[in-house]
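Reviewing the structure listed below.
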């Protein structure tokens, strides 16, 4: 189980140092970061550095509290005895038992109910796994790794985190993962990594990434962080033309298109003028509409065209005629 932390920024260097430090301690771990920053990879890296990559004597097991319902989460973590209503007619061990001498990762624990947060807190305190429908618990030596999308104090104020659990988290080793938009130096490295990885999986060779595409990707806000970046790279490679990396149209803007047009003319590369002009014109119209609160009459006057011409362009360029809410 090899998990690599990709990047060259100062924050990634610091993250690697934090991982190495907490891997040397027996404490439970809290990983904080927005959706898609790679909190699960950080957790796996901690486990790997502590126990090695073998998953036999020191298992690494995980569950995401945001993707399963409350009862299923309890069953997955604690297991159940035969005869529990709504469960299969068998006995099953939960992750806390199965990961004896290893680690259990619970992602996005703030999405679990307070009831389950309390049960998880009890396990953290006493290290006893009691199955659903069981009378006695079993003492286990299992390290707990939790992830949160926001710091505990912010989740407390929004009533997403059980207060006693938030207090207990102060005893955890804490690792913060910076969002991708705050470490743009990592984006070119990640792009190259994903291009190589995805191209290999698809059997595509020699995909070239031009500097204009990298510039667009570096300036994008990446609300879903690395997960979103990888999805864009995947889509770009699928639409690559003649080995040239083609970004999805939603990522291009008129400023970038002007730069690309000029660079292509200077270098003698081919490009489709009409497509470039459409991107530029669309960006200008969208900014004019936004400036005048989507008042088409004022926007048309500002742009030196009639309202009829503006409406035609809105339809042709697929521009919304009103602000999205």
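Run lengths n ≥ 4 of DSSP H only: what is the helix-derived mean residue ellipticity at 222 nm for the chain, with -39500 (n - 2.57) per run over all residues, to the nearest 500?
Mean residue ellipticity at 222 nm (helix-derived): -14500 deg cm²/dmol.
How big is the gap, in Å, between the Cα center of region 128-183 and the Cα center of region 1-28?
Going from one Cα centre to the other spans 19 Å.
Any chance you could give the angle, 0 to 90 degrees and rounded to 10, that helix 39-51 forms with the longest Cα principal axis of the chain?
The two axes meet at around 40 degrees.
If you average the sequence gap of Cα pairs under 8 Å that are 6 or more apart and divide by the length of the chain, what percent do you get for the contact order?
17 percent
Count the DSSP beta bridges whose two residues both fall in region 10-178, then state the antiparallel fraction as a percent rounded to the nearest 5.
Working: 4 of 22 bridges.
Antiparallel bridges make up about 20 percent of those DSSP assigns within region 10-178.
Looking at the chain, what % of its DSSP beta bridges pair antiparallel, to the nearest 5?
Just about 20 percent of them are antiparallel.
With viscosity set to 1.567 mPa s and temperature to 4 °C, compute the Stokes-Einstein D of region 180-251, Rh being the Kirkwood radius across alpha carbon pairs; µm²/s, no decimals. The partial results should precede the final answer.
Numbers: Rh = 12.1 Å.
The diffusion coefficient I find is 107 µm²/s.
Identify which of the listed values of Rg and Dmax of the Cα atoms in Å was calculated from the structure shown: (i) 25.6, 79; (ii) 35.9, 121; (iii) 22.5, 72.
(i)
In which sequence would 314, 105, 251 go, from the one with the fewest C-beta neighbours within 10 Å to the one with the most?
251, 314, 105
Given contacts defined as C-alpha pairs under 8 Å and at least six residues apart, what's the relative contact order of region 180-251, whole-number percent? Working shown, then result.
Details: 69 pairs, mean separation 27.9, N = 72.
Rounded, it is 39 percent for region 180-251.
Which residue fluctuates most in the GNM of the chain (Cα springs below 10 Å): 118, 132, 305?
Residue with maximal mean-square fluctuation among 118, 132, 305: 305.
Return the inverse of the average 1/r over all pairs of distinct C-alpha atoms in region 1-117, which is the Kirkwood hydrodynamic radius, in Å to one decimal.
It is 15.7 Å.
Using label points projected 7 Å from each Cα along Cα→Cβ, tell me how many nm separate residue 322 and residue 189, to one decimal.
Taking the two extended label points, one gets 4.7 nm.
To the nearest 10 degrees, how steeply does helix 114-126 sit against the main Cα axis of the chain, on a 0 to 90 scale?
The answer is roughly 50 degrees.
We did not get these values from a lab; they are worked out from the coordinates using the rules stated. This one's a predicted model, so the numbers in the text were calculated from it and none came from an experiment. Positions of Cβ are generated from backbone atoms using ideal geometry, with glycine treated the same way; all protein chains shown enter the neighbour counts.
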